Amino acid sequence: MIRNHIVAVAGGIGCGKSVVCRMLSCMGYFVYDCDARARKIMDESAEIKSVIANRICSDAVSRDGKILRERLAEVVFANPAALAELNKCVHAAVREDVLRESAQHQLMFVETAILYQSELDKTVDSVWEVVAPTWLRIERVKKRNNVSEEAVLARIKAQELPHDTEMHPRTFIINNDDNEAVLPQLIQLINDELEIVGIHPRTKF
């Protein structure tokens, strides 16, 4: 399968990776949204629906083939083994879809909150990790989602990686702490990736 250069834009909740991805989209780059595509893949994949119905929860798929997401969520979040089974097949399908999509783009960006958990780190060429202080992440999510500080902290903790996780060898940090402007950091990183791909940066900026 032909594949081109893939950059993951990663970061936990409230870090601002979606802001970075919107900026990339405005610049004309294609951004693959893992959450949205995973949902679409689940809705369309007979194989995933079969796994759900036969291995996870028989009544989480309706007679007309629709995934009953509330019922599925009840089961998998109460059963770690069921969640692992679901993630295994969905993550594999997303990785394959990323590779197929990359054949259409010389440089493609992938937005993901679970880069290492989904093993997408083995697929991408570079990782841009968007970071922000925990207190700022909490304030952003509280304001955006109208949720409690405890709820945000629980989400942050759930996304934490084990301390022994091996980071991607080409990992670069985008500081989104509201003090350092994001755009200059972004332009420098884009220029670096364009040089790797073989496009002179001045053709874009």
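When exposed loop sites are taken as GluC sites (Glu not before Pro) in a DSSP loop with at most 13 other Cβ atoms within 10 Å, the longest stretch of the chain clear of them is 1-159.
Between Rg and the Kirkwood Rh of the chain, both from Cα atoms, what is the Rg to Rh ratio? Walk me through the numbers before you get to the answer.
Details: Rg = 18.3 Å, Rh = 18.5 Å.
Using Cα coordinates only, the ratio equals 0.99.
Just to be sure I follow: if Rg is taken over the C-alpha atoms of region 46-154 and Rh is the Kirkwood radius over the same atoms, what is Rg/Rh? With Rh from the inverse mean 1/r over Cα pairs, Rg/Rh is 1.04.
For region 104-147, the normalised intensity computed at q = 0.28 Å⁻¹ comes to -1.01 (log10 of I(q)/I(0), Debye sum over alpha carbons, equal scatterers, no solvent).
In a fully extended conformation the segment linking residue 84 and residue 171 would gain 28.7 nm over its present Cα-Cα distance, using 0.36 nm per residue.
Averaging the inverse of every distinct alpha carbon separation and then flipping it gives the Kirkwood radius. What is it for region 105-205, in angstrom units?
Values: mean 1/r = 0.0634 Å⁻¹.
About 15.8 Å, per the Kirkwood formula over Cα pairs.
Less than 15 Å Cβ to Cβ from residue 4, Lys/Arg counted +1 and Asp/Glu -1: what total charge do the surrounding residues give? Walk me through the numbers before you get to the answer.
Numbers: positive: 3, 100; negative: 97, 101, 125, 193, 195.
It works out to a net charge of -3.
Please return the longest stretch of the chain lacking exposed loop sites, where trypsin sites (Lys or Arg not before Pro) count only if DSSP places them in a loop and at most 12 other Cβ atoms lie within 10 Å. Formally, the longest exposed-site-free interval is 67-205. The distance between label points at residue 55 and residue 151 comes to 3.2 nm (points 7 Å beyond Cα on the Cα→Cβ vector).
Computed from the coordinates by the stated procedures, all read-outs in this text should not be read as laboratory data. Computed from a prediction, not measured in an experiment: that's the story for all the values here. A quick note on method: Cβ atoms are made from the backbone with ideal geometry, for glycine too, and the neighbour counts reach across all protein chains shown.
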